[in-house]
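Below is one structure, written out as structure tokens, with a few remarks after it.
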Amino acid sequence: MPDQLPSLEGTTLSGRALCFPRDLPAAGVVLVIGFTHGARHDVGAWKAALAGRGIAFLSLPTAERDTAPESMAGVAEAMRAHVPSGAWDQVVQVHRGGEALKKVFGWQVDVFAKLLRVTREGDVLARHDEGSFSEDALAAFLG
């Protein structure tokens with residue numbers, strides 16, 4: 001049985017509240033997860049590589065510990081200044097579930113993106129758990 005995405009709650013930069021896995025796209029998607037501001041460069045490299053290959057993804061800046069969505073409002077405002085408005089629905093600030101992600105997948109908070117390829121139901125088909133983006137890491141993730 002594949003790993004299962006734990007319940008996550010977040011808000012897109014456009015203000016839409018989402019709960020995963022319930023609100024995952026029907027075709028499934030790659031989740032690009034960053035726990036720290038320092039992960040932004042690695043997250044960006046993964047997003048560029050996925051977009052260049054036409055692979056659907058959502059970017060999930062994720063609070064390390066569960067918090068109220070309002071506590072992330074300042075970060076959202078700063079992100080909207082740097083993210084084109086057409087991409088705001090692809091960025092979901094996760095305020096609840098970060099602790100569960102770390103526990104389920106054994107992740108450490110660092111400057112590297114974590115990736116999950118998930119089905120509509122939240123089944124995890126592939127993972128990238130550590131290290132920075134590279135073409136080899138991408139090839140291993142895409143299998």
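Annotation for the stretch 94-129: trypsin sites (Lys or Arg not before Pro) lying in DSSP loop with at most 14 further Cβ atoms inside 10 Å of their Cβ are Arg120.
Expressed as a whole number of Å, what is the distance separating the alpha-carbon centroids of the stretch 101-138 and the stretch 1-70? So the separation of the two Cα centres works out to 10 Å.
For the chain, the share of accessible area belonging to carbon and sulfur comes to 54 percent (1.4 Å probe, ligands and nucleic acids excluded).
Note on Glu135 and Val109: the model spin-label points, each 7 Å out from Cα along the C-beta direction, lie 3.5 nm apart. Of all stretches in the chain that contain no GluC sites (Glu not before Pro) in a DSSP loop with at most 14 other Cβ atoms within 10 Å, the longest one is 1-63.
When only alpha carbons of the stretch 81-135 are considered, Rg and Dmax amount to 13.2, 34 Å.
For the chain, averaging the sequence separation of C-alpha pairs within contact (under 8 Å, six or more residues apart) and dividing by the residue count gives a relative contact order of 36 percent. Over the chain, DSSP H runs of length four or greater, each weighted -39,500 (n - 2.57), average out per residue to a 222 nm ellipticity of -7500 deg cm²/dmol.
Accessible surface ranking for Phe112, Phe105, 1.4 angstrom probe, highest first: Phe112, Phe105.
The values are calculated or read from the model by the stated rules, or taken from the named source; none is laboratory data. No experiment lies behind these values; they were computed from the predicted model shown. Don't worry about glycine lacking a Cβ; one is built from the backbone with ideal geometry, like all the others, and counts go over all protein chains shown. These accessible areas exclude ligands, DNA and RNA; they are computed on the full protein's heavy atoms, side chains included. Shrake-Rupley method; radii C 1.70, N 1.55, O 1.52, S 1.80 Å.
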